[in-house]
Amino acid sequence: MSAMSSYYDSQNNKEPLSFLPLGFLDRTEEKGLVVPSWAPQMEILGHGSTGGFLTHCGWNSVLESIANGVPMIAWPLYAEQRMNAVLLTEGINVALRPTVNQKGVVEREEMAKVIKCLMKGDQGLIIREEMSKYKDAAAKAVSESGSSTKALSQLVVKWKDMKSNFPYHHLIFTKFESALTFQ
């Protein structure tokens, strides 16, 4: 079975925990928590005891991890996630990426090695330092005078200017205006 075909999809009817090795939950119950369904990712990433994040490298997850300063283990599944993983590991150095074997599977020894490196190794320390810089930069960008806040405000102004030329503006822009109004 390839790594691509074995990931859990919320649309299928398989039990999500069936993908775990036999006895895994018993062996890890005192060391961690397995959440078999949706979890409040932002709250988890924002918790002080979260030391790392195993991510599929979707862009929202990447941004949430950076905003919270949590280093990542990159495990992309498909599409742009592979490109994002390269950016995170080779570009901005805020993630590690496990090596897959010839069958396309990440073996448990490899995953254990990557986790230990991220949590206790010299490379993990460097990644944490880099992540701290990006967390600070992200906080600055979304501050009241930050670049992201300014860009979003400019977009709202453009949309307001456009709405008089759009025949169905009352259906779309009213919702956006109320959602994007800055206090």
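The values are calculated or read from the model by the stated rules, or taken from the named source; none is laboratory data. Nothing here was measured: the structure is a model prediction, and the numbers come from that model. When we count neighbours, we look across all protein chains shown, and the Cβ atoms used for this are built from the backbone with ideal geometry, even at glycine.
For the reader, a short list of remarks on this structure follows.
- Long-range neighbours under 7 Å by Cβ, at least six apart or interchain, first residue over 14 Å from residue 76 (Cα atoms) within region 97-119, second at pLDDT 95 or above and part of a helix (DSSP H, G or I): 117/123; 117/124; 118/124; 118/127
- Residue within region 31-40 that is at pLDDT 90 or above and at negative phi present: yes
- The single residue among 86, 106 that is within 24 Å of residue 41 (Cα to Cα) and under 15 Å from the mean Cα position of the chain (by Cα) turns out to be 86.
- Residue pairs whose Cβ atoms lie under 8 Å apart, separated by 6 or more positions or on different chains, with the first residue in region 36-60 and more than 19 Å from residue 77 (Cα to Cα) and the second modelled with pLDDT under 95 and part of a strand (DSSP E or B), do not occur.
- Among the residues of region 69-118, the ones that are over 11 Å from residue 53 (Cα atoms) and assigned to a helix (DSSP H, G or I) come to 20 in all.
- Region 41-57 - residue that is touching a Leu at 6+ places or on another chain (Cβ under 9 Å) and either assigned to a loop (DSSP other than H, G, I, E, B) or at positive phi (or both) and, of those, surrounded by the fewest Cβ atoms within 10 Å (Cβ to Cβ): 51
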